[in-house]
Structure formats: structure tokens, C-alpha cells
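Participant: Have a look at the structure that comes next, please.
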Amino acid sequence: MAQKVLITGSGGLIGSECTRFFAKKDFEVIGIDNDSRKYFFGEAASTQWNRNLLEKEFKNYKHYSVDIRNKEEINKIVKKHSPSLIIHTAAQPSHDWAAREPLTDFTINAEGTLIMLEAFRQLCPEAVFIFTSTNKVYGDNPNWLPLEEKATRYELPKSHPYFRGIDEDMSLDHCTHSIFGVSKVAADLMVQEYGKYFGLNTTVFRGGCLTGPAHSPAQLHGFLAYLVSAIAKDIPYTIFGYKGKQVRDNIHSKDVANAFYHVYQNPRKGEAYNIGGTRYSNTSVLEAIEKIEKILGKKANFKYDEVNRIGDHIWYISDMSKFKSHYPDWEHTYDNDKILEELCKYAVDSK
């Protein structure tokens, strides 16, 4: 009998990558996605195209257009399929959008996660539950590090303990998170608690900049993919604050899906891991623009807004030492240059 994986947000970047990854391993894949991304960010950010591709490409993919806040429908789906793995990626993902509709943001991110957890606990407690959290759970605490301004980026002194990246010991307290950050903190802690309190196999991944060509990028979410798309299609791009020297570590969605697979094969209870490009793959906005311009052979049309987004990070690089110590066979396969080259090719081909 085929193994079954239930993936929420299956039309999104990580959800669709996981769908492809596990479908190719002959899992029966149950996808849940009601294209809320279109409601959040407009028609251009719709994931319908990705859903169509998945349904066309994989006979072992079954799609449900259901809101994760609909407890009755979620319970029906989980009970019917009884998956051995649940990957919960569905979310409202934007800082700025969350402030427009805090109730919508919180009910999707926090309440929706709790509904998924309860269905898991009540109906398939032997399964593995993986949750895509965010580095925004640390709020703006990283901004209080002794950052130094360089020519194209902010950077930490090499002698600083966090130079190699931010680990899971960074405090979640005494900071500004953004409304989005708080809703994800609530979900993050609840997923951990279902592991620690109920003794279930739950794992949290606090993502840096997760990226790849399966993104449906928008200005409010999907930094690297949106930047590439904007330059390729001559769309004006706005840099928000920090002189464009803010740093992000970038990890390809395929490497994320593979990390999930490693957890599934050897699950733990209530663990939280930072996941991102680490020192292996990171860039500032200015550095990314320069590289994209070289790859595409055209100049970016961008302007600068001095006002940064509330709670946004000046510098964030993930330290994945904890995850690698638990899963030493996992490794990155995409560095920053390889990611950008793929994104640029995809943007040109899809024009």
C-alpha cells in the first residue's frame, strides 16, 4: 500500500515542491489549497496555475479546495485518507498584509494550525507532522546585533557568536514581531507543544528566505522570485529601507522538501529547527540586483523608500547546526548563484 502524505498549501512554493518530491517517491499525495494567495495579493499571485500542473502531472495527486479553518471538512479529509505524514505549509505569509486584516491573519495562521494539529492527534496520531514556521518568530531581535555597514551589505564581525548564523537559542521575547510574526509564533509553539505535551511526532522549521521557480511572487511576499520577475519584466521595484543592504539567506524549495523527508524517515517529538541558506547561500538586496542584472543583461528599474517594513530584519542568516547534527546526511544542493540562475531562466521562459 502506498504511503500517504497530506500537504496543506499544496499550490504554494513549498507545498507544490513537496507534492512533486513525494509524488515522485510514489506517495499518494493529498493536497489542500483554496488559493487564498489570490485573495491576499491579487490575480498575479494566484496558485491555480500550479494546481493545474500538479493535477496534470501526477495521477497520485488528489486536490481539495478547502479552507484550513473549516474544521469539519479538514476532519473528513484526514479521516478518509489517514496520512502517515502531514506537511502544513498553508498560511497568510506577509508582514504588511497581516496588519490590514489581523483577524484573518491570526485565524489562518494560528487557529488553522490548531485545527490541523487536532485532526492529526485525534485521527492519525502515529503520523509525522511538519510545520513551516518562519524566522519572523524571533521578531526584530536580530536587528540589535552589532551589525557593521559595508559597501553592499550589513554584516556581523567574524568574532561574534552569531557570525555563522542565528540559532534556535535566540529569544522570541522583548521585540517587535509584526502581526504576522505573532500569529506564526502562536502556531510554532503549539506545534512544539503537541510534540512535548502529547508525545507526538511534530517538527517546526523556521525558514529564512525560501525560494524557487514554483513561487507565485508578489511585492508583499516572495522577495527573491519577485525581484527576478520584476527585473525580467521591467516592473518597477521598490527597496524598503536599510539602504538595500539588508541580508537574507536563501534556500531552494527542493532542499526544504528533502529536509522534510529526512525528518519523516527519523521523526522526533516537538523539535524546532532554523532552516535557510546559511553562510552557504545568502545575499543583500543590492548584491542580488547586481547579479540578476548580469544574468539577464538588463538594468533593474528600482526606487528606494527610506521607510523599512515594521519588524523587518536588517540581517538574517540561519545557523542550521542543530538540524545537521540530527540529520547529518542532509545537505544543500543549491547555492545563491544557482538559485538566481534558475529563477532568471524561469522568468525569461515564462514571459
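Participant: What single numbered condition from (1) charged (D, E, K, R); (2) modelled with pLDDT of 95 or more; (3) in contact with a Gly (Cβ under 8 Å, 6 or more places away or on another chain); (4) assigned to a loop (DSSP other than H, G, I, E, B) fails to hold for ARG309?
Facilitator: (2)
Participant: Would you mind stating whether THR19 is surrounded by 18 or more Cβ atoms within 10 Å (Cβ to Cβ), modelled with pLDDT under 95 and not aromatic (Phe, Trp, Tyr)?
Facilitator: Details: surrounded by 18 or more Cβ atoms within 10 Å (Cβ to Cβ): yes; modelled with pLDDT under 95: no; not aromatic (Phe, Trp, Tyr): yes.
In short, no.
Participant: Among the listed residues TYR280, TYR264, identify the single one that is touching a His at 6+ places or on another chain (Cβ under 6 Å) and at pLDDT 95 or above. Don't jump to the end; show me each part of the working.
Facilitator: Numbers: TYR264 fails: touching a His at 6+ places or on another chain (Cβ under 6 Å).
Selected residue: TYR280, the only one of TYR280, TYR264 that is touching a His at 6+ places or on another chain (Cβ under 6 Å) and at pLDDT 95 or above.
Participant: If you go through the stretch 169-182 one residue at a time, how many are within 17 Å of GLY208 (Cα to Cα) and surrounded by 18 or more Cβ atoms within 10 Å (Cβ to Cβ)? Give the derivation first.
Facilitator: The first filter runs over the stretch 169-182 and keeps only residues within 17 Å of GLY208 (Cα to Cα), leaving 169-172, 177-178, 180-182.
Then drop every residue that is not surrounded by 18 or more Cβ atoms within 10 Å (Cβ to Cβ), which leaves 170, 177-178, 180-182.
Total meeting the criteria: 6.
Participant: Can you name every residue in the stretch 265-277 that is outside any strand (DSSP E or B) and either acidic (Asp, Glu) or buried (at least 21 other Cβ atoms within 10 Å of the Cβ) (or both)? Talk me through it step by step, then tell me what you get.
Facilitator: Here is the first cut: in the stretch 265-277, the residues outside any strand (DSSP E or B) are 265-270, 276-277.
Across the stretch 265-277, the qualifying residues are GLY276, GLY277.
Participant: State all residues of the stretch 61-79 that are in contact (Cβ under 8 Å) with a residue 24 or more places away in the chain and basic (Lys, Arg); if no residue qualifies, say none.
Facilitator: The answer is LYS62, ARG69, LYS71, LYS79.
Participant: Scan the stretch 287-306 for residues that are surrounded by fewer than 18 Cβ atoms within 10 Å (Cβ to Cβ), of a type outside the set (D, E, K, R), outside any loop (DSSP other than H, G, I, E, B) and in contact with a strand residue (DSSP E or B) (Cβ under 8 Å, 6 or more places away or on another chain) and report the count.
Facilitator: 2
Participant: Pairs, please: C-beta under 7 Å, at least 6 apart or cross-chain, first residue over 9 Å from ILE130 (Cα atoms) and in the stretch 80-91, second in a loop (DSSP other than H, G, I, E, B) and of a type outside the set (Gly, Ala, Ser)?
Facilitator: Final answer for the pair search is SER82/CYS124; PRO83/CYS124; SER84/GLN3; ALA90/ASP33; ALA90/ILE68.
The values are calculated or read from the model by the stated rules, or taken from the named source; none is laboratory data. From a predicted model like this one, the values you see are computed outputs, not experimental measurements. Note that each Cβ is placed from the backbone with ideal geometry, even for glycine, and that neighbours are counted across all protein chains shown.
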